[in-house]
Amino acid sequence: MTFKEFNKSLAEDGAEGELVKTVFVSLATSFVVLAILYIFKLKYIENFIPKYGFYLFFAILSYSLILPSIRHVRAYKELPCMAGMMIGMTMGMISGFLAGFFVASTNGMFIGSVFGMLVGIVFGVLTGKCCGIMGVMEGIMSGFMGGLMGGMTSIMLLNDNLKATGVIVFIISAVILIGLNYLIHKETREIERRHRDSNLFIISWSFALTVITVVLMVFGPRSSLFQ
């Protein structure tokens, strides 16, 4: 199974064929929610776009790459142990790191790390449970570490190209998530699909993550560095 064959499967029916569509559904949902919030509330916040726009934009992009992977795993429900552990670890680490990094960039390490840990652990467990308790444990551990590392990294780089680092972090995470979906595709070639999530699943998660991120960044507690 080559990556070229995986790329071809993205245009076909099946779980892989839903990946690109899921990205666009998530992005559309998040940007519509953000536009509504901006019209009714956020445009009255002083310096909203210069202060929060960059980090919100990349947080939304991050969610649009994380959610398709979750949908991909849920399509099969059960996977081999080693693959399931890798999935739980990757999803917990990447989702926790990205959420923690972008929220900590506007609010400080504590709130960023806590949010990152929550997101990482939830998504790590949600995907890692496909192989049982070992995958769940990997999801919890990696979400815990990813959230802390994301928050810490942003604070360490506050005065040293933080935005450039955010772009680099996002690109590397995107490559890892693409590789993860390739791994899932390889491991499920002989496994029958067992579940199909509707777009409502993606819309609901995108809506919730966008609203929570906006509320935390703009109205949430922040450290003394950001007062």
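Inside the range 114-128, can you point out the residues that are within 12 Å of Phe144 (Cβ to Cβ) and aliphatic (A, V, I, L, M)?
Val114, Met117, Leu118, Val119, Ile121, Val122, Val125 - these are the residues of the range 114-128 that are within 12 Å of Phe144 (Cβ to Cβ) and aliphatic (A, V, I, L, M).
In the range 193-211, which residues are in contact (Cβ under 8 Å) with a residue 40 or more places away in the chain and either part of a helix (DSSP H, G or I) or not basic (Lys, Arg) (or both)? Before you say what the answer is, go through the steps one by one.
Step one: filter the range 193-211 for residues in contact (Cβ under 8 Å) with a residue 40 or more places away in the chain, giving 193-197, 199, 201-203, 205-207, 209-211.
Answer for the range 193-211, where residues must be in contact (Cβ under 8 Å) with a residue 40 or more places away in the chain and either part of a helix (DSSP H, G or I) or not basic (Lys, Arg) (or both): His195, Asp197, Asn199, Phe201, Ile202, Ile203, Trp205, Ser206, Phe207, Leu209, Thr210, Val211.
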Could you check, for the range 123-144, whether at least one of its residues is within 11 Å of the chain's Cα centre (by Cα) and under 23 Å from Arg194 (Cβ atoms)? yes
Given the conditions (1) over 23 Å from Met89 (Cα atoms); (2) buried (at least 16 other Cβ atoms within 10 Å of the Cβ); (3) of a type in the set (Ser, Thr, Tyr), and given that Ser154 satisfies all but one, which numbered condition is not satisfied? (1)
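Looking only at the range 50-72, filter to residues that are small (Gly, Ala, Ser) and either over 24 Å from Gly14 (Cα atoms) or modelled with pLDDT of 95 or more (or both); which one of those is farthest from the chain's Cα centre (by Cα)? Let's see the steps before the verdict.
Step one: of the range 50-72, the residues small (Gly, Ala, Ser) are 53, 59, 62, 64, 69.
Adding the requirement that they be either over 24 Å from Gly14 (Cα atoms) or modelled with pLDDT of 95 or more (or both) leaves 53, 59, 62, 64.
On the way: Gly53: 18, Ala59: 8, Ser62: 5, Ser64: 7 Å.
For the range 50-72, the residue satisfying everything is Gly53.
Of the residues Phe97, Phe123, Phe115, only one is modelled with pLDDT of 95 or more, in contact with a helix residue (DSSP H, G or I) (Cβ under 9 Å, 6 or more places away or on another chain) and farther than 14 Å from Ser142 by Cβ; which?
Values: Phe97 fails: farther than 14 Å from Ser142 by Cβ; Phe123 fails: farther than 14 Å from Ser142 by Cβ.
After applying the criteria, what remains is Phe115.
Restricting the search to the range 21-37, which residues are within 15 Å of the chain's Cα centre (by Cα) and either under 18 Å from Asp197 (Cα atoms) or charged (D, E, K, R) (or both)?
Hits for the range 21-37 are Thr22, Val23, Phe24, Val25, Ser26, Leu27, Thr29.
Could you list, in sequence order, all residues of the range 122-150 that are of a type in the set (A, V, I, L, M, F, W, C) and within 18 Å of Ala75 (Cβ to Cβ)?
Within the range 122-150, the subset of a type in the set (A, V, I, L, M, F, W, C) is 122-123, 125-126, 130-131, 133-134, 136-137, 140-141, 144-145, 148-149.
Phe123, Val125, Leu126, Cys130, Cys131 - these are the residues of the range 122-150 that are of a type in the set (A, V, I, L, M, F, W, C) and within 18 Å of Ala75 (Cβ to Cβ).
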Can you tell me which of Lys8, Lys43, Lys4, Lys51 is farther than 19 Å from Ile178 by Cα, without any contact (Cβ under 8 Å) to a residue 24 or more places away in the chain, among the basic types (Lys, Arg) and assigned to a helix (DSSP H, G or I)? Lys43
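The values are calculated or read from the model by the stated rules, or taken from the named source; none is laboratory data. Just so it is clear, the structure is predicted and the values come from calculations on it, not from any experiment. Note that we place each Cβ from the backbone using ideal geometry, even for glycine, and neighbour counts take in every protein chain shown.
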